[in-house]
Amino acid sequence: MKILFADESDLIRYSTLLLVEQSLIKASITETRSYAELIESLRTEFYDFIFINIDLLPPPSLASLKSIKRLSKTSRIILVVSNRTSLGIMQQLSKLAFGILDLGGDFEKQKQLVFHYLMYGDSYLGPNKTLAK
């Protein structure tokens with residue numbers, strides 16, 4: 001499995017990477033720190049999963065995410081969001097994403113969510129099928 005983490009913050013990239021490592025998934029990991037690096041990497045490599053902090057997307061965010069989707073049609077894109085992300089932007093972007101990982105959410109639920117994304121290709125967390133929040 002090949003996974004790309006795109007985030008300006010070393011701490012957030014590292015934290016998300018730890019969640020993947022704790023899921024016991026064997027993966028080849030690539031990290032990018034800018035939108036330009038992300039696009040460059042997508043032009044030369046295929047990734048099964050792409051974790052993108054939406055703060056990394058240049059405005060307009062929707063057009064930027066569409067560009068990423070064109071370059072990686074079959075990759076599963078997980079948007080990494082923070083509490084400061086506006087609900088309107090989230091609703092637009094979530095239509096193009098496979099899933100959402102909320103940085104402000106409960107840590108245990110986030111771990112479960114990452115595990116299910118990677119192991120089963122879904123976000124099922126239990127009977128109520130809720131995302132980590």
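Observations, loosely collected:
- Scanning the stretch 46-63 for residues that are assigned to a loop (DSSP other than H, G, I, E, B) and surrounded by fewer than 13 Cβ atoms within 10 Å (Cβ to Cβ) gives Phe46, Pro58, Pro59, Pro60.
- Selection within the stretch 82-133: residues that are of a type in the set (Ser, Thr, Tyr) and surrounded by 17 or more Cβ atoms within 10 Å (Cβ to Cβ). The member of this set that is modelled with the lowest pLDDT is Ser123.
- Residue pairs meeting the criteria (Cβ under 9 Å; at least 6 apart or on separate chains; first more than 15 Å from Ile54 (Cα to Cα), in the stretch 1-18; second assigned to a helix (DSSP H, G or I)): Met1/Leu118; Ile3/Leu17; Ile3/Val20; Ile3/Leu118
- Of all residues in the stretch 91-119, those that are farther than 15 Å from Asp55 by Cα have Cβ atoms under 8 Å from Cβ atoms of residues that are at pLDDT 80 or above and part of a loop (DSSP other than H, G, I, E, B), 6 or more apart or on another chain, in Tyr117/Phe98; Leu118/Met1; Leu118/Ala27.
- Search result, residues across the stretch 16-45 that are crowded, with 16+ Cβ neighbours inside 10 Å, in a helix (DSSP H, G or I) and of a type in the set (S, T, N, Q): Thr16, Ser41
The values are calculated or read from the model by the stated rules, or taken from the named source; none is laboratory data. As the structure is a computational prediction, the values presented were derived from the model and not from experiment. Here Cβ is always computed from backbone atoms with ideal geometry, including for glycine, and neighbour counts include all displayed protein chains.
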